[in-house]
Amino acid sequence: MKRNIFLAAFIIFLFSASVFAGDFSGSLTYSGGYNFTENNLSNTLNLDLNYIHSFTDEVFVEGDLIIRYSDKYSINPFMIIPKEIYIGAYDLIPQLDIRTGLLIVSWGSADMFSPLDNFNPLPPGMSFTSMTQKNGVLAADATYYFNDITYLQVIVLPSFVPSYMPEKYEEQIYLSMFAPQFQAQGIEITSVNITHTLPENPVWGIKLGRSFTSFDAAISYYNGYYFNTYPENIQPIPEPSGMSLDLGLGYPKKNVFGFEFQGDFPGIEGATLRGDLAYIIPQPWEVQGEYVLKDPYLKAVIGADYTTSFDLYLNVGFIWGFAFEEGDQCSPYISLNARKELEDSKLTPNYLGIISLHDGSMVNSVGASYDFTDNFSVTLSYVSVLGDQTSKLGQMGSAEGVYLMGEWSF
């Protein structure tokens with residue numbers, strides 16, 4: 001409740017300040033898709049407003065507000081979401097930059113699926129047609145610059161913010177997961193009652209970064225929790241309409257030791273090599289007598305990108321441990337992202353493909369963007385999934401469909 005009051009007051013203050021001074025920018029985006037699995041059409045309309053106002057040369061306030069209508073993955077069809085609202089100070093204290101408020105914090109050098117990016121939860125679902133926007137979290141970010149090439153960054157979140165999942169969708173997942181197990185024991189489960197136990201301790205991280213002659217590198221440590229829930233207590237309960245399953249869900253703790261780098265690819269002029277490596281120590285987590293998290297494990301994303309002389313952009317990556325994989329479930333993948341700027345044309349074809357080296361399952365996204373003007377573009381994409389429902393990427397079959405996105409920036 002206090003958090004909502006704080007945000008409401010901050011929003012009113014932030015946007016009323018525009019009467020006096022400041023700069024506004026933003027975008028209006030429509031995203032629509034027809035899902036082949038569910039045979040339905042989803043629509044989302046986003047108005048994204050960005051505002052910045054400088055109080056002095058050192059102190060400023062910045063905000064990013066989203067007004068959204070959506071019939072997919074939303075508590076309400078119409079929402080007003082403060083994505084990022086914070087007060088910042090540059091060099092108010094010599095060599096120290098500070099931001100505090102509702103923040104988006106990005107760690108890692110990888111374009112997608114970085115195992116070091118652990119502060120901001122992502123919206124439900126995974127997009128293969130656009131970069132998914134993060135949700136802001138209440139946090140403080142302090143970065144101290146020892147000199148032009150070395151810095152120390154500290155992030156503190158007073159409370160943990162998990163990933164959001166629609167209640168009905170979450171109930172369906174756990175009902176399909178546990179109903180067959182109890183059915184084998186002669187117990188018919190007809191419904192699930194879910195409770196969540198949120199961690200009480202704060203989340204924090206620290207990173208030390210340095211620039212070298214041809215590349216940048218950083219080491220980091222994250223002390224926090226998994227964004228997604230894990231079953232904690234499972235108890236069948238008789239009810240008038242049948243047997244119900246009382247299911248308690250928790251968020252295991254995790255410590256992440258990270259290393260990230262990006263710089264020139266040796267031997268290939270104009271190519272960039274980047275990578276994120278994470279050594280993860282999970283809280284041991286037992287479900288029905290079996291550990292789902294126990295031993296430390298590695299996750300990594302290593303990639304290289306290069307633009308050819310004929311304007312073909314290529315990005316090839318190796319992934320160990322996809323976004324939904326943790327612990328001993330981690331496995332290898334190869335990704336390819338290609339984009340071709342056509343000469344004397346406003347049309348840009350693009351392709352994204354990810355293949356599992358474990359079982360050969362695959363996701364492909366083929367599309368094209370057309371720039372009508374410098375600030376208005378439309379993108380049409382087709383996403384296909386290869387592999388049965390038990391395969392690594394085949395289980396994402398619900399992503400199959402045709403997607404349309406239009407964006408106007410102002």
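When you look at GLY88, is it part of a strand (DSSP E or B), free of Cβ contacts under 8 Å to residues at least 40 places away in the same chain, out of contact with any Gly (no Cβ under 7 Å at 6 or more places or on another chain) and of a type outside the set (A, V, I, L, M, F, W, C), yes or no? Give the steps one after another, and end with the answer.
Details: part of a strand (DSSP E or B): yes; free of Cβ contacts under 8 Å to residues at least 40 places away in the same chain: yes; out of contact with any Gly (no Cβ under 7 Å at 6 or more places or on another chain): yes; of a type outside the set (A, V, I, L, M, F, W, C): yes.
Here the answer is yes, as GLY88 does meet what is asked.
Yes or no: segment 156-179 includes at least one residue that is assigned to a strand (DSSP E or B), aliphatic (A, V, I, L, M) and touching a strand residue (DSSP E or B) at 6+ places or on another chain (Cβ under 7 Å). Working first, answer last.
Pass one, segment 156-179, residues assigned to a strand (DSSP E or B): 156-157.
Then keep just the ones that are aliphatic (A, V, I, L, M); that gives 156-157.
So of that shortlist, the ones also touching a strand residue (DSSP E or B) at 6+ places or on another chain (Cβ under 7 Å) come out as 156-157.
Yes - at least one qualifying residue is present in segment 156-179.
Using the structure shown, decide if GLN262 is in contact with a Pro (Cβ under 7 Å, 6 or more places away or on another chain) and in contact (Cβ under 8 Å) with a residue 24 or more places away in the chain. So GLN262 fails the test. Tell me, please, whether a residue that is buried (at least 18 other Cβ atoms within 10 Å of the Cβ), within 30 Å of TYR86 (Cα to Cα), touching a residue at least 12 places away in the same chain (Cβ under 8 Å) and of a type outside the set (S, T, N, Q) can be found in segment 140-154. Looking through segment 140-154, at least one residue is buried (at least 18 other Cβ atoms within 10 Å of the Cβ), within 30 Å of TYR86 (Cα to Cα), touching a residue at least 12 places away in the same chain (Cβ under 8 Å) and of a type outside the set (S, T, N, Q). Those strands (runs of 3 or more DSSP E) of segment 229-286 in which 2 or more residues are more than 23 Å from MET112 (Cα to Cα) and among the charged types (D, E, K, R) occupy 230-239.
Take segment 237-262 and flag every residue that is more than 18 Å from LYS299 (Cα to Cα) and surrounded by 15 or more Cβ atoms within 10 Å (Cβ to Cβ). Can you show your working first?
First pass over segment 237-262, keeping only residues more than 18 Å from LYS299 (Cα to Cα): 237-251.
MET243, SER244, LEU245, LEU247, GLY248, LEU249, GLY250, TYR251 - these are the residues of segment 237-262 that are more than 18 Å from LYS299 (Cα to Cα) and surrounded by 15 or more Cβ atoms within 10 Å (Cβ to Cβ).
The test for being open to solvent by 20 Å² or more (accessible area, probe 1.4 Å), over 30 Å from GLU232 (Cβ atoms), of a type in the set (A, V, I, L, M) and at pLDDT 95 or above holds for LEU314.
Flag: TYR370 does not match the condition of being of a type outside the set (S, T, N, Q), modelled with pLDDT of 95 or more, in contact with a strand residue (DSSP E or B) (Cβ under 7 Å, 6 or more places away or on another chain) and surrounded by 15 or more Cβ atoms within 10 Å (Cβ to Cβ).
Among the residues of segment 170-182, are any modelled with pLDDT under 95 and among the hydroxyl-bearing types (Ser, Thr, Tyr)? Steps first, please.
Here is the first cut: in segment 170-182, the ones modelled with pLDDT under 95 are 170-182.
From what is left, the residues that are among the hydroxyl-bearing types (Ser, Thr, Tyr) are 174, 176.
Yes, some residue in segment 170-182 is modelled with pLDDT under 95 and among the hydroxyl-bearing types (Ser, Thr, Tyr).
Only one of the numbered conditions (1) open to solvent by 30 Å² or more (accessible area, probe 1.4 Å); (2) more than 27 Å from PHE318 (Cβ to Cβ); (3) within 20 Å of the chain's Cα centre (by Cα) is not met by SER106, and that is (2).
Filtering segment 287-303 to residues that are surrounded by 17 or more Cβ atoms within 10 Å (Cβ to Cβ) and either not in a strand (DSSP E or B) or not charged (D, E, K, R) (or both) leaves VAL292, LEU293, TYR297, ALA300, VAL301, ILE302, GLY303.
Figure legend. Inter-residue proximity from segment 323-339: first residues in a loop (DSSP other than H, G, I, E, B), second residues open to solvent by 50 Å² or more (accessible area, probe 1.4 Å) and polar (S, T, N, Q), beta-carbon distance below 9 Å, spacing 6+ or different chains. Indicated pairs: PHE324/ASN228; PHE324/GLN395; GLU326/ASN228. Just need a number here: residues in segment 393-410 that are in contact (Cβ under 8 Å) with a residue 24 or more places away in the chain, of a type outside the set (A, V, I, L, M) and open to solvent by 30 Å² or more (accessible area, probe 1.4 Å). Number satisfying all stated conditions: 7.
Residues are listed down the side, and each one gets a yes or a no for (1) more than 22 Å from the chain's Cα centre (by Cα); (2) part of a loop (DSSP other than H, G, I, E, B):
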position: THR348; (1), (2): yes, no
position: ASP359; (1), (2): yes, yes
position: VAL363; (1), (2): no, no
position: PHE372; (1), (2): yes, no
position: VAL378; (1), (2): yes, no
position: TYR382; (1), (2): no, no
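A residue that is outside any strand (DSSP E or B) and at pLDDT 95 or above cannot be found anywhere in segment 121-141. For segment 330-360, the set of residues classified as modelled with pLDDT of 95 or more and polar (S, T, N, Q) consists of SER331, SER335, ASN337, THR348, ASN350, SER356, listed by residue number.
When you check THR100 against the structure, is it open to solvent by 30 Å² or more (accessible area, probe 1.4 Å), assigned to a loop (DSSP other than H, G, I, E, B) and not charged (D, E, K, R), yes or no? I'd like the intermediate steps shown before the answer.
On the way: open to solvent by 30 Å² or more (accessible area, probe 1.4 Å): yes; assigned to a loop (DSSP other than H, G, I, E, B): no; not charged (D, E, K, R): yes.
The answer is no for THR100.
Scanning segment 181-228 for residues that are surrounded by 15 or more Cβ atoms within 10 Å (Cβ to Cβ) and without any contact (Cβ under 8 Å) to a residue 40 or more places away in the chain yields a count of 1. Set side by side, the residues PHE160, PHE119, PHE178, PHE128 differ, and just one is open to solvent by less than 40 Å² (accessible area, probe 1.4 Å), more than 28 Å from VAL301 (Cβ to Cβ) and in contact with a Leu (Cβ under 8 Å, 6 or more places away or on another chain), which is PHE178.
The values are calculated or read from the model by the stated rules, or taken from the named source; none is laboratory data. Every value quoted in this text rests on a predicted model; they were computed, and no experiment measured them. Cβ atoms come from the backbone with ideal geometry, glycine included; neighbour counts cover every protein chain shown. The protein model used for the area step is the full one, side chains on, heavy atoms only, and it has no ligands, DNA or RNA in it. Shrake-Rupley method; radii C 1.70, N 1.55, O 1.52, S 1.80 Å.
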